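What follows is a single structure, written as structure tokens, with notes after it.
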Amino acid sequence: MKAPPFAYIKAKTLAEVFQLLETHGDGARLLAGGQSLLAALNLRLSSPEILIDITGIPGLAGIVVANGKVSIGALTTHAEVERSTQIAHTLPLLAQAAPHIAHVAIRNAGTFGGSIALADPAAEWPACCLALDAEFVIAGKDGSRKVRARDFFQALYTTAIGPAEVLTAIEIPVPAGGSRSAFVELTRRRGDYAIVGVAAVANNAQGTLSGVQLAFLGVDQTPVLAKKAMAEVEGKRLSPAVIAAAAQALATDLDPSGDTYSTPATKLHLARVITGRALNALNA
Ligand SMILES: Cc1cc2nc3c(=O)[nH]c(=O)nc-3n(C[C@H](O)[C@H](O)[C@H](O)COP(=O)(O)OP(=O)(O)OC[C@H]3O[C@@H](n4cnc5c(N)ncnc54)[C@H](O)[C@@H]3O)c2cc1C
């Protein structure tokens with residue numbers, strides 16, 4: 001199918017974007033990498049009157065490490081994150097997760113900010129940002145504000161970004177030395193969206209795990225922090241009993257709905273399987 005007709009403008013400044021968003025309201029859509037939006041238009045799932053291309057606005061792309069945090073511009077592509085040596089050194093979880101996002105061609109065009117703004121519950125970056133306690137910088141005509149990942153993802157494809165606002169950057173604290181991370185997901189075919197996945201982070205002090213974060217994707221309407229399972233592991237040395245207790249606790253943390261291929265029980269089972277793999281990887 002072809003997209004319905006729409007107007008197109010390539011904005012030069014954020015101020016211009018805010019003005020256009022105010023003028024067109026729900027009839028406007030921001031265009032970043034286009035890897036989700038253009039597919040939605042072609043499938044006629046969305047029919048905006050105007051696309052506002054933000055890719056020409058200076059200052060919205062790039063990775064900066066300073067003052068204990070990593071700032072990733074919203075227009076930074078998945079591939080740039082994947083290939084960044086700064087990311088590999090400071091936030092290895094992102095380097096581990098990146099190859100799971102679609103295919104190379106999509107990673108070359110799709111943006112980190114686009115994935116966060118879209119908030120697909122089966123996407124990799126939202127769960128990683130939850131596990132890493134990221135903050136999102138959201139700009140509007142009256143200035144910028146920051147929202148923590150745990151407050152940002154509100155419902156299916158719904159975030160804290162207001163109708164006349166733009167996500168400009170993602171800020172992630174650099175984990176302390178001794179921090180380990182693991183990203184595990186299951187898909188039907190390589191490059192597909194996850195059936196279920198987990199982004200895991202913890203400090204490992206001679207085998208004792210602390211600061212444990214387990215953020216799941218593909219199990220609910222938003223990414224989910226598995227707080228009961230995290231508590232089962234916190235401050236403990238990993239053992240089969242600890243892994244079993246964490247897996248058991250997932251029945252409280254997660255309430256997966258089924259999809260075309262997996263029942264809720266299957267999804268919970270798979271979440272338990274990948275939790276064991278992720279915890280063992282944190283301990284390796
Ligand atoms: C075949 C295929 C497979 C895919 N598989 C995966 C996968 O496995 N995992 C995964 O995570 N993704 C996957 N994707 C999606 C891909 O990662 C997209 O790049 C991403 O979801 C959106 O980024 P984008 O830059 O392309 O955004 P766009 O498509 O341009 O925009 C997406 C939405 O976000 C809004 N938006 C974009 N940028 C901003 C901003 N800065 N501020 C506010 N709103 C903004 C747009 O208005 C639009 O509503 C897949 C896509 C395809 C086509």
For this session: Lys and Arg at +1, Asp and Glu at -1: add these up for the other residues within a Cβ distance under 12 Å of Asp53 and post the number.
Result: +2
Exercise. Accessible area per residue, 1.4 Å probe, Å², for segment 155-284: what's the number?
Worked result: 45
Exercise. Hey, if you put +1 on the Cβ of every Lys and Arg and -1 on every Asp and Glu Cβ in segment 215-282, which of Ala251, Tyr261, Leu279 ends up farthest toward the positive end of that dipole?
Worked result: Leu279
Exercise. log10 I(q)/I(0), Debye, Cα-only segment 31-87, no solvent, q = 0.18, 0.24, 0.26, 0.29 Å⁻¹?
Worked result: -0.72, -0.97, -1.04, -1.16
For this session: Find the centroid of the Cα atoms in segment 108-126 and in segment 84-98, then give the distance between the two in whole Å.
Result: 16
Exercise. What size of dipole, in debye to the nearest 20, comes out for segment 113-242 about its Cα centre when the only charges are +1 on Lys and Arg C-beta atoms and -1 on Asp and Glu C-beta atoms?
Worked result: 300
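Of the accessible area of segment 133-240, with the probe set at 1.4 angstrom, what percent is carbon plus sulfur?
On segment 133-240, the fraction of accessible area on carbon and sulfur atoms equals 48 percent.
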Problem set entry | Stokes-Einstein D for segment 66-201, Kirkwood Rh over Cα pairs, 10 °C, 1.306 mPa s (µm²/s) | 106
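Hey, can you rank 58-71, 119-132, 266-279 by average C-beta count inside 10 Å, highest first?
Numbers: 58-71: 14.4, 119-132: 25.3, 266-279: 20.4.
In decreasing order of mean packing, 58-71, 119-132, 266-279 become 119-132, 266-279, 58-71.
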Exercise. What percent antiparallel are the DSSP beta bridges of segment 23-168, to the nearest 5?
Worked result: 80
For this session: Of the DSSP beta bridges with both residues in segment 1-94, give the percent that are antiparallel, rounding to the nearest 5.
Result: 35
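Could I get the Rg over Rh figure for segment 1-128? Both from C-alpha atoms, Rh via Kirkwood, rounded to two places.
For segment 1-128, the value is 1.00.
Report, in debye and to the nearest 20, how large the dipole of the chain comes out about its Cα centre when Lys and Arg carry +1 and Asp and Glu carry -1 on their Cβ. Intermediate results must be reported in sequence, preceding the final value.
Working: 24 positive and 23 negative charges, 126 e Å.
Around 600 debye, computed over the chain.
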Seminar exercise, completed: Net charge near Tyr193 (other residues with Cβ under 15 Å of its Cβ; Lys, Arg +1; Asp, Glu -1) is -1
Exercise. Using the heavy atoms of the protein chains alone and a 1.4 angstrom probe, what is the accessible area of segment 1-145 per residue in square angstrom?
Worked result: 45
For this session: Report, by chain and number, residues whose modeled amide H sits under 5 Å from the one on Ala160, excluding near sequence neighbours (fewer than 5 apart, same chain).
Result: Gln154
Problem set entry | Where the Cα pairs of the chain fall when distances are cut into 5 Å bins, in % | 1, 6, 12, 17, 18, 16, 13, 9, 5, 3, 1, 0, 0
For this session: Using only the C-alpha atoms of segment 140-206, find the volume of their convex hull and express it per residue in Å³.
Result: 149
Exercise. Applying the Karplus parametrisation 6.51 cos²θ - 1.76 cosθ + 1.60 with θ = phi - 60° to the phi angles of segment 157-164, what ³J(HN,Hα) value in whole Hz is obtained for each residue in order, glycine and proline being reported as x?
Worked result: 6, 10, 10, 7, 6, x, x, 10
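Seen from all sides and averaged, what is the projected area of the convex hull of the Cα atoms in segment 191-265, in nm²?
Numbers: hull surface 22.6 nm².
Mean shadow area of the hull around the Cα atoms is 5.6 nm².
The values are calculated or read from the model by the stated rules, or taken from the named source; none is laboratory data. Quantities reported herein were computed from a predicted structural model and do not represent experimental measurements. A quick note on method: Cβ atoms are made from the backbone with ideal geometry, for glycine too, and the neighbour counts reach across all protein chains shown. The protein model used for the area step is the full one, side chains on, heavy atoms only, and it has no ligands, DNA or RNA in it. Shrake-Rupley method; radii C 1.70, N 1.55, O 1.52, S 1.80 Å.
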